[in-house]
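Some notes on the structure that comes next.
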Amino acid sequence: MSYIVDRRLNGKDKSSVNRKRFLDRYKKQIREAVSDAATERSITDLDSGETVTIPQRNISEPVFQHGEGGDRSIIHTGNKEFVTGDEVQRPESGGGGSGSGQASDSGEGDDEFMFSLSRDEYLDFLFDGLELPNLVKQHLKGTDNFRYKHAGVVSDGNPSKINIIRSMRTSLSRRMALGGSARKRLKEAKLELQLLLQEDADAEQQAKVELLEEEIKKLMDRLTRIPYLDTYDLRYNHHVKDPIPSAQAVMFCLMDVSGSMTQSMKEMAKRFYMLLYLFLERSYEKTEIVFIRHHTSAKEVDEQEFFYSREAGGTVVSSALKLMDQIITERYPVDQWNIYGAQASDGDNWNDDSPVCKKFLTEKLLPMSQYFTYVEIMPRTHQSLWDEYKLVEGTCGDQFAMQEIKSLEDIYPVFRELFQRREL
């Protein structure tokens, strides 16, 4: 049996293996703490580590204890008021269960266990089980990512890749081929020698015995000279570099910054987009993000302006959809890119524009998109845009999803609902 001893050093004398086991064991409690942190943090601190607190009662583990052992005879007193299976009721309030002493002003307790998550661990829990829906590997973007693929067995290679089974099989075949006739003749000669030795010895038989003994010696020397393992026998595993297809995807972030969007509503929209930005940055290497802000007109902006500009105005939502279509036509061929869109608005739109949005979305954007989401920031009643998009959801369920956000507590659950990994 083989034993593998891991002697790699862990930073700060901590066991990474035990830490991973601990995180897996208390995954539920950690997810709850991460969810709370995603709601309570500011936008700028969303991607930092987190301190998690777990009640002491939730980390207790079963243990084995030695019993008293041996044979014992015990007599238990009976009780005429109870029979087997009865449950003993709790004492009434004010009974033996209540204390009558004074509280202490000293001492320590072990009610909670606190530990810190690193940034990577925090983001792993934050985005666990999420993915971009309908992602298709349509195009090979470069050849910078490879995986080694087994490509058979060869006669030359690195000693670290030697194939022991194939080498020994080749060795056996060679020895059988080179020594087969010699072994057959050796067997026959030994049998003849045995028969001659059983007969009465005379000069002629003695001569035959000597000849057979000399022949047997030569055959054995010949077989001995056949090497057990020769360089010719060695076989090596062969591996080739196989390029990994990269899923090219682009995410369009469309945010309403019109005057009807209050500052608190814009903050909720920005928090949603920050989660989306971190998710894409964390999970997908070949994904580009296009930021679009709109009021009466739409404009492509950079990350800094998207999250921190205070521009405002009227509302024409279709301007953002048309700009998205224009950018796709100019920079992102549909046959090479997976197109995604995420739109956030309060739904307050120019009435004549909402039907235009629905038509443009169903006829232009959705046919060339993998997935499009609409999030309505609504501390008030739904507006016309919600009603029009409801009709889209009924006909394009796999490609389109919509949710509403009423408070900060809704942002992270809504985000997980929109990008939850779906079973095929």
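For Asp200 and Ala151, the difference between the fully extended length at 0.36 nm per residue and the C-alpha to C-alpha distance is 11.1 nm.
Under the combined filter of DSSP loop state and at most 14 neighbouring Cβ atoms within 10 Å, the stretch 289-389 retains these GluC sites (Glu not before Pro): Glu311.
Cross-link partners for Lys218 among the aspartates and glutamates, with Cα-Cα distance under 17 Å and sequence neighbours closer than 8 places in the same chain left out: Glu188, Glu192, Glu210. For the stretch 156-247, trypsin sites (Lys or Arg not before Pro) meeting the loop criterion (DSSP other than H, G, I, E, B) and having at most 15 other Cβ atoms within 10 Å: Arg225.
Between the DSSP loop rule and a limit of at most 16 other Cβ atoms within 10 Å, which GluC sites (Glu not before Pro) in the stretch 171-222 are left? Write out the running numbers ahead of the final one.
On the way: sites: Glu188, Glu192, Glu199, Glu204, Glu210, Glu213, Glu214, Glu215; in loops: Glu199.
In loop regions of the stretch 171-222 (DSSP not H, G, I, E or B), the sparsely surrounded GluC sites (Glu not before Pro) are Glu199.
Bridges between two residues of the stretch 165-319, per DSSP, are antiparallel at a rate of about 35%. What lysines could a cross-link reach from Lys149, if we take a straight Cα to Cα line under 30 Å and drop same-chain neighbours fewer than 8 places away? Leaving aside lysines fewer than 8 places away in the same chain, those within reach of Lys149 are Lys20, Lys137, Lys141, Lys161, Lys241, Lys286. Within straight-line reach of Lys390, meaning a Cα separation under 23 Å, sit the following lysines at least 8 residues removed in sequence or on another chain: Lys266, Lys322, Lys358, Lys359, Lys364, Lys406. Remark: the stretch 22-36, residue by residue, has Karplus-estimated 3J(HN,Hα) of 5, 5, 5, 5, 10, 4, 5, 5, 5, 4, 5, 5, 5, 4, 5 Hz, where x stands for each Gly or Pro and the curve is 6.51 cos²θ - 1.76 cosθ + 1.60 at θ = phi - 60°.
When a/c reaches 1.5 or more, the comparison of a/b and b/c decides; with that in mind, is the stretch 249-418 rounded, prolate or oblate per its Cα gyration tensor? Since a/c stays below 1.5, the shape of the stretch 249-418 is classed as rounded.
Using a Förster distance of 60 angstrom, determine the FRET efficiency expected from the C-beta separation of Met168 and Thr381, and round it to 0.05. Walk me through the intermediate numbers first.
Working: r = 79 Å, r/R0 = 1.31.
Once the sixth-power term is evaluated, E becomes 0.15.
What number comes out for the charge environment of Arg293, summing +1 per Lys or Arg and -1 per Asp or Glu over other residues with Cβ under 15 Å away? Please list the in-between numbers first.
Working: positive: Lys266, Lys270, Lys299, Arg310, Lys322; negative: Asp256, Glu267, Glu300, Asp302, Glu303, Glu305, Glu311, Asp346.
The answer is -3.
We did not get these values from a lab; they are worked out from the coordinates using the rules stated. Every value quoted in this text rests on a predicted model; they were computed, and no experiment measured them. Because the Cβ atoms are built from the backbone with ideal geometry, glycine has one as well, and the counts that use them run over all protein chains shown.
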